[in-house]
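The values are calculated or read from the model by the stated rules, or taken from the named source; none is laboratory data. Computed from a prediction, not measured in an experiment: that's the story for all the values here. Positions of Cβ are backbone-derived with ideal geometry, glycine not excepted, and every protein chain shown enters the neighbour counts. For accessibility, only protein heavy atoms count, side chains too; no ligands or nucleic acids. Shrake-Rupley method; radii C 1.70, N 1.55, O 1.52, S 1.80 Å.
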Amino acid sequence: MTTTTIPADPTVRRARNAVGLSFALNGFLFASLVSRIPDLRSRLDLGNGDLGLLLLAIAAGSVLALPSTGRLIERWSPGAVLRGGALVDGTGLLLAACGAFWLESVPVAAVGLFVHGVGIGVWDVSMNVEAAEVERRLARTVMPRFHAGFSLGTIGGAVLGIPMSGLGVAMPVHLGAVVVVAVVLAVRGASSFLPPAAPSARSEQRPRTAWSEPRTLALGVMVLAFAMVEGTANDWLALALIDGHDVPRWVGVAGFAAFVTAMTAGRLLGTSLLDRFGRSPVLWASAAAAGAGTVLTVLAEPLPLVALGIVVWGLGASLGFPVGMSAAADDPARAAARVSVVSTIGYGAFLAGPPLLGQLADVVGTLHSLLVVAVLMGPAAAAVLATRDRSV
């Protein structure tokens, strides 16, 4: 098993640190919004179904932006594209906060969330392409640790969101401050990214579109399933605990914080497991854990068992998305195109997930709608073999 030594090349070291910061800031922004979803629902007086449709605006913006992001990266660079994505992300988030809290306008909030989603998609592909290049330079598995940085950011956002929600701080004040700090740091950090890889002769012989590659499509299916596992918790776990287990609002937010903490631990510990056992065995175990943890979260009665289920769910959800990104970027010259395709398919979970679960929650209850996660682990396990390293 390889050691985790600091790279001798200072350029790679700076890029590694900048990518880690980018993931953390992205997660911090995202969780800051998630922590205020209960307030968003109550401020706009929405039911679960209507809330799901509103959250659909985020996914719609991301899915529309993702297919073209790979081409933008190939034309310019991951750093340049990320800077634009961060500015769009922050602008949309602030608009959504003002529309919901001060204007109490669903259309304005929806437009803000759509713009926020565009920024999320552009930022996501850019940082994953750069992370894959850094991983190649280091010659060891580090992608899950970058995604752990995202999770650490979500922990920070969730932890900050607890007192902000509890004290009734206005959403535009809370989210506005978060946007200013995160966007400024992200724009500055992107200047340390590595230059894009030059095309190789073998890569130029590949199909012109990554959408025609069966392996890339299979990776997209796997990432979609694991994204749904993660996204379900992000969007609905706090509300499910509040509605289904009859806990106070702050306990629901704390449950979400426990989920992202467990997911962070899985990403930090998972790198050594991936190097030792390989991608496929580790992801099969992850799928089993995610399904079992969700069932325990929903069906258990004592809160300690519910908490255990949340932790197991978080551990199971931790590796699917980052490993899918690494696998899509095995060939550096095709990385931007393939990561863009896999991300587009994966974000279909965020497109279909909120309205699907919102409508289902209105029928079976918010808590029991989470059982969809366990069902999705079947196709996820079937697609795991596509993650085997094929860098040629």
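Of the residues GLY84, GLY99, GLY92, which single one is open to solvent by less than 10 Å² (accessible area, probe 1.4 Å) and either among the charged types (D, E, K, R) or in contact (Cβ under 8 Å) with a residue 24 or more places away in the chain (or both)?
Working: GLY84 fails: open to solvent by less than 10 Å² (accessible area, probe 1.4 Å); GLY99 fails: either among the charged types (D, E, K, R) or in contact (Cβ under 8 Å) with a residue 24 or more places away in the chain (or both).
Exactly one residue qualifies, and that residue is GLY92.
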So in the stretch 244-290, with the set limited to residues that are among the charged types (D, E, K, R) and open to solvent by 10 Å² or more (accessible area, probe 1.4 Å), which one is modelled with the lowest pLDDT? ARG249
So which residues in the stretch 326-335 are open to solvent by 10 Å² or more (accessible area, probe 1.4 Å) and aliphatic (A, V, I, L, M), if there are any at all? ALA333
Considering only residues that are assigned to a helix (DSSP H, G or I) and open to solvent by less than 10 Å² (accessible area, probe 1.4 Å), which ones fall in the stretch 311-325? TRP313, GLY314, GLY316, ALA317, GLY320, PRO322, VAL323, GLY324, MET325
Mind checking which pairs have a first residue in the stretch 162-178 that is open to solvent by 20 Å² or more (accessible area, probe 1.4 Å) and a second that is assigned to a helix (DSSP H, G or I) and at pLDDT 95 or above, Cβ under 8 Å, 6 or more apart or different chains? MET164/HIS174
Residue in the stretch 355-365 that is open to solvent by 50 Å² or more (accessible area, probe 1.4 Å), of a type in the set (A, V, I, L, M) and within 24 Å of THR264 (Cβ to Cβ) present: no
Has the stretch 358-367 got at least one residue that is out of contact with any His (no Cβ under 8 Å at 6 or more places or on another chain), under 13 Å from MET222 (Cα atoms) and of a type outside the set (Phe, Trp, Tyr)? no
